[in-house]
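Structure record follows, encoded as structure tokens.
Bear in mind these aren't lab numbers, they're just calculated from the coordinates by the rules spelled out. What you are looking at is a predicted structure, and each value in this text was computed from that prediction instead of being measured. Neighbour counts are summed over all protein chains in view; Cβ atoms, including those assigned to glycine, are modelled from backbone coordinates with ideal geometry.
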Amino acid sequence: MKNLIMIAACLGLLGPLMAGAQEVPAATNELLVEEEPLVIEEVITRPPDPLPTHRGSDMPDAFKGADPSRFGVSGRVHKMPAKKSKKREKGCWRGKLDLGLNTASGNSDILRYNGSLTGSKETEENYYFLEAAGRYGESDNEKDTEHATGEVKYHHRLSERMYSAVDGNVMHDGIADVSYRARGSLSLGRKLIWTDRTVLTLEAGPGYVEERKGGEETGFVAGRIAQYMEILLTDSLQVWQSVEYFADITDSAVYFINAEAGLETVLIANLSLRFTVEDRYDSNPAEDKKSNDLVTTTAFVWNF
């Protein structure tokens, strides 16, 4: 009996041990999979290389508002760069108002003032230019300057470098005893030099002149040759020069020449300062009058 009790006790102890032995392999066979930590690679970004200030194709935009016109005209081919000026749509009118005043007192009393108003409009094929100008002056209370002009131009582009031009001009000069001189011309123009900074053009064609000078009226068919040059030295400084020659085709001794040179510099916003020298020569002046008149002008220019 004792033996049976001991065998039962042993079997009771061996049962849990056998059960634990069977569970151990099951537990040891399970694989624990650990998740690898997410590694974020640091991406170093480098700022893009700076683009060139102005590419060749962008040169017309390098000068604020100073892109070259398609036409060679005496009313400034290049639009002067206007600081902080609003951008205008292509094909709209542009205007300029010039005002100048010179005075002196003491040993001599001088009063001279001048002004002009110009308007221009450009499209892909055409250019329009209008100008009205005048000057008046007194020296020692005697009038020594009385001059007024009106001008109209129309240019039509024929090719990249060729254009046709119709020009009309009316002039009055009380000191030279010219009551009026009206002229019109039809010309063919050629752009000899045409870059972003330099313009040189030449025009030639027939015309007609009618004037009242020294109390006498005359009229004649004329030939016209004109040359214009403009150079943009810096973004805010421009110089120009022009010469125009009109001659009677039936009498080569009757002619007149108009020449001009000047410079203009931008001051602030749409305001600039202009200095010009004009030389007018008439081969057949009124009686007791000189053939040559030289005029210098300093004026402030407002662009609008």
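Once Lys and Arg get +1 and Asp and Glu get -1 on their Cβ, which of 184, 154, 136 lies farthest toward the positive end of the dipole of the range 56-303? Highest projection toward the positive end goes to 154.
Could you work out the relative contact order of the range 244-283? I mean the mean sequence separation of Cα pairs under 8 Å and 6+ apart, divided by the number of residues, in percent. Can you show the working numbers first?
On the way: 59 pairs, mean separation 15.4, N = 40.
Result for the range 244-283 is 38 percent.
Tell me, Kirkwood radius of the range 56-303 from alpha-carbon pair distances, in Å? Present the calculation step by step, with values, prior to reporting the outcome.
On the way: mean 1/r = 0.0520 Å⁻¹.
So the Kirkwood estimate lands at 19.2 Å.
Our coupling estimate for the range 188-198, obtained by passing each phi through the Karplus curve with A = 6.51, B = -1.76, C = 1.60 and θ = phi - 60°, is 10, x, 9, 8, 6, 10, 8, 10, 5, 10, 10 Hz, Gly and Pro reported as x. Based on Cα contacts under 8 Å between residues 6+ apart, the range 56-303 shows a relative contact order of 14 percent.
For the range 56-303, with only Lys/Arg (+1) and Asp/Glu (-1) charged at the beta-carbon, what is the dipole magnitude about the Cα centre, in debye rounded to 20? Each step should come with its number before you reach the end.
Numbers: 31 positive and 39 negative charges, 283 e Å.
Using only the charged Cβ atoms, the result is roughly 1360 debye.
Neighbour counts of other Cβ atoms within 10 Å put 209, 221, 277 in the fewest-to-most order 221, 277, 209.
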